[in-house]
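Computed from the coordinates by the stated procedures, all read-outs in this text should not be read as laboratory data. Just so it is clear, the model here is predicted, and its values are computed rather than measured. Neighbour counts are summed over all protein chains in view; Cβ atoms, including those assigned to glycine, are modelled from backbone coordinates with ideal geometry.
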Amino acid sequence: MAALKENSGESFMRLFRYISKDNEGSQKISMTTPVLMTMEEGKNRMSFVVPKDIVTKGVPKPKSPEVEIETFPAGRYASYRFSRSWNQNRAKEAEMKLREWAKTQKLKVTGTALLAGYDPPFTPKPMRRNEILLRIVD
């Protein structure tokens with residue numbers, strides 16, 4: 001998974017430059033969905049999943065020190081889907097609803113919520129698909 005150390009106004013563009021050959025070997029990497037974001041106070045991160053064929057060959061090292069490669073552990077997740085564009089308030093509201101639902105289902109969740117965005121920015125807001133994901137403890 002390619003991830004930014006810290007989120008900023010340019011976070012998406014830094015990741016885009018990485019997959020558009022701003023990496024060792026100037027390798028083009030296909031864009032994947034969802035784009036994943038964590039929203040911890042003062043430490044937001046944006047990530048995307050590197051395609052399996054690239055992982056098999058070896059993930060190229062980023063040229064930018066602002067982008068890092070990390071392994072994201074597999075797991076089971078509960079999700080809550082919502083539309084429109086996302087913001088901190090919408091994401092927090094969706095997370096609250098998901099946590100309440102998980103509690104009613106007697107599911108134990110752990111960790112920071114992930115925000116998954118599936119659509120490009122030119123998708124009309126009412127048609128955008130977003131999800132909040134919470135890792136389920138087995």
*Can you list residues whose amide H is under 5 Å from Asn23's amide H, if they're 5+ apart or on another chain and H is modeled 1.01 Å from N?*
Lys63
_I'd like the Karplus ³J(HN,Hα) series for the stretch 47-63: coefficients 6.51, -1.76, 1.60, θ = phi - 60°, whole numbers in Hz, and an x wherever there's a Gly or Pro._
9, 9, 7, 7, x, 4, 5, 6, 4, 4, 7, x, 6, x, 6, x, 7
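Run the helix sum for the chain: -39,500 (n - 2.57) per DSSP H stretch of 4+ residues, divided by residue count, reported at 222 nm to the nearest 500 deg cm²/dmol. Present the calculation step by step, with values, prior to reporting the outcome.
Numbers: 3 runs with 32 residues, N = 138.
It comes out at -7000 deg cm²/dmol, rounded to the nearest 500.
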_Thr104 versus Glu40: modelled label distance in nm, points set 7 Å from Cα along the beta carbon direction_ = 3.1
_Most mobile listed residue (Leu36, Leu107, Leu15) in the chain, GNM with C-alpha springs under 10 Å_ = Leu107
*In square nanometres and to one decimal, what's the mean projected area of the convex hull around the Cα atoms of the chain?*
8.9
*Scan around Arg84 for amide H atoms under 5 Å from its own, H built in the peptide plane at 1.01 Å from N, and keep only partners 5 or more places away or cross-chain.*
Met127, Arg128
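Arranged by the count of other C-beta atoms within 10 angstrom, fewest first, what order do Val55, Val35 take? Write down the numbers at each step before the final one.
Working: Val55 13, Val35 19.
Exposure proxy ranking, most exposed first: Val55, Val35.
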*Starting at the first residue of the stretch 118-133, write each ³J(HN,Hα) from the Karplus equation 6.51 cos²θ - 1.76 cosθ + 1.60 with θ = phi - 60°, in whole Hz, x for Gly and Pro.*
10, 10, x, x, 7, 5, x, 3, x, 9, 6, 10, 10, 9, 9, 10
*For the residues Val49, Val109, Val137, what sequence is obtained by ranking on other C-beta atoms within 10 Å, fewest first?*
Val137, Val49, Val109
*Choose one answer from Phe12, Phe48, Phe72: the residue with the largest mean-square fluctuation in a GNM of the chain with alpha-carbon springs under 10 Å.*
Phe72
*Under 18 Å from the Cα of Lys108 - lysines, other chains or at least 8 residues apart*: Lys97
*With each label point set 7 Å from Cα along the Cα-Cβ vector, what nm distance links Ser26 and Thr112?*
3.5
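For a Förster distance of 25 Å, can you work out the FRET efficiency between the beta-carbons of Lys52 and Arg84, rounded to the nearest 0.05? Don't skip to the end; give the middle numbers.
Values: r = 31 Å, r/R0 = 1.25.
It comes out at approximately 0.20.
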*Where does helix 88-104 land angle-wise versus the long Cα axis of the chain, in degrees 0 to 90, nearest 10?*
50
